[in-house]
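Shown next, in structure tokens, is the structure this report addresses.
We did not get these values from a lab; they are worked out from the coordinates using the rules stated. Values in this document were obtained by computation on a predicted structure and should not be read as measured data. Here Cβ is always computed from backbone atoms with ideal geometry, including for glycine, and neighbour counts include all displayed protein chains.
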Amino acid sequence: MTYALELCFDGAAYHGWQIQKNAVTVQETLFRAITRATGEEPYPELAGCGRTDAGVSAAAYVASFRTHTTIPPERFPLAIHRFLPGDVSVRRAAAVPDGFHARFSCLKKEYVYRLYHDVLPHPFLRGRAAWHCRPLDVAAMAAAAERLVGTHDFTAFCASGGSVRDHVRTVLSCRVTGTQDRAEIRVAADGFLYNMVRIIAGTLLYVSDEKLTAEDVSRALGSRDRTLAGVTLPACGLTLERVWYGDRPGLDGIGPGVRLF
């Protein structure tokens, strides 16, 4: 059977999702837990819905694998719980159609970048949001964010070091909400480039600080020049919030209409 898992994790202690030789990752941690819970390694791979940067968290990440386990999906989250550390939790599991793949079947994802303004950093928000010393101009940020919606070449919003050649993505929505003290930047797209959301957030923060205008954001987008966009903000403010496989997010969207590979 093919199992899909919906999990959440605090990314502070991890070097992203994908297994690396000399770093602790979420994929490796989950792989070992599945192996201990089922008595077999997930095959042909433990697929994730996408890579995440080091330090990035997820509220509803989806992974998939094939298994011979006799543990029913409704009992799987509890069965695997004792083999996972406290910063990773499988919340739901489901048996899904053969050919389902957490990454390639995914239709879109939504990330949230959280910012807060205060005179000094707040310890209770450490690792949950990025601190900024100046008040946030949410209205200006929201107006500039609209310039990013649509199908564009996002080379100017991609950090060096990425492996993909095609930088064209479709941003379905880019919204900024909140107050001068707390703000959320929500970006939904059919796919994301390396550090894309963190650069979008840094660019919109430059708009808030009057270092850039909405017109400058459009200019940077059209230029494909990374130097014309804003800084890459810290990973601590970023959370993968939702992923879609159908009309509804998460495992609820996996049904007859899901893309199979």
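Any chance you could list P(r) for segment 30-121, counting all Cα-Cα pairs in 5 angstrom bins from zero, rounded to whole %?
Bins of 5 Å from zero give 2, 11, 20, 24, 18, 11, 5, 4, 3, 2, 1 percent of pairs.
Below 8 Å, C-alpha to C-alpha, sequence gap of six or more: please give me the relative contact order for the chain in percent.
23
Nearest 500 deg cm²/dmol is fine: what mean residue ellipticity at 222 nm does the chain get from its DSSP H runs of n ≥ 4 alone, each adding -39,500 (n - 2.57), divided by its residue count?
That calculation yields -5500 deg cm²/dmol at 222 nm.
Restricting the count to DSSP beta bridges whose residues both fall in the chain, what percent are antiparallel, rounded to a multiple of 5?
Roughly 90 percent of the DSSP beta bridges within the chain come out antiparallel.
For the residues 228, 221, what sequence is obtained by ranking on other C-beta atoms within 10 Å, fewest first?
So the ranking, lowest neighbour count to highest, is 228, 221.
Quickly rank 70-78, 92-100 as a protection proxy: mean count of other C-beta atoms within 10 Å, highest first.
Going by the mean number of other Cβ atoms within 10 Å, highest first, we get 92-100, 70-78.
Give the label of the value calculated from the structure for Kirkwood radius over Cα pairs in Å, choosing from [x] 19.9; [y] 18.3; [z] 19.1.
Checking each listed value against the structure points to [z].
Quick check on the exposure proxy: order 160, 208 from fewest to most C-beta atoms within 10 angstrom.
160, 208
Between the alpha-carbon centers of segment 171-238 and segment 76-103, tell me the distance in whole angstrom.
Computed from Cα coordinates, the inter-centre distance equals 32 Å.
Highest first, please rank the peptides 4-13, 193-202, 170-179 by the mean number of other Cβ atoms sitting within 10 Å of their residues.
193-202, 4-13, 170-179
If each residue's Cβ is checked for other Cβ atoms within 10 Å, how do 21, 109 rank with the fewest at the top?
In order of increasing Cβ crowding within 10 Å: 21, 109.
For segment 141-261, what is the charge dipole size about the Cα centre, in debye to the nearest 20, if Lys and Arg each add +1 at the Cβ and Asp and Glu each add -1 at the Cβ?
Roughly 240 debye, rounded to the nearest 20.
In percent, how large is the relative contact order of segment 149-230, given Cα pairs closer than 8 Å and 6 or more residues apart?
Relative contact order comes out at 36 percent.
Would you mind putting 138-144, 125-131 in packing order, based on average other-beta-carbon counts within 10 Å, highest first?
Answer by packing, highest mean first, reads 138-144, 125-131.
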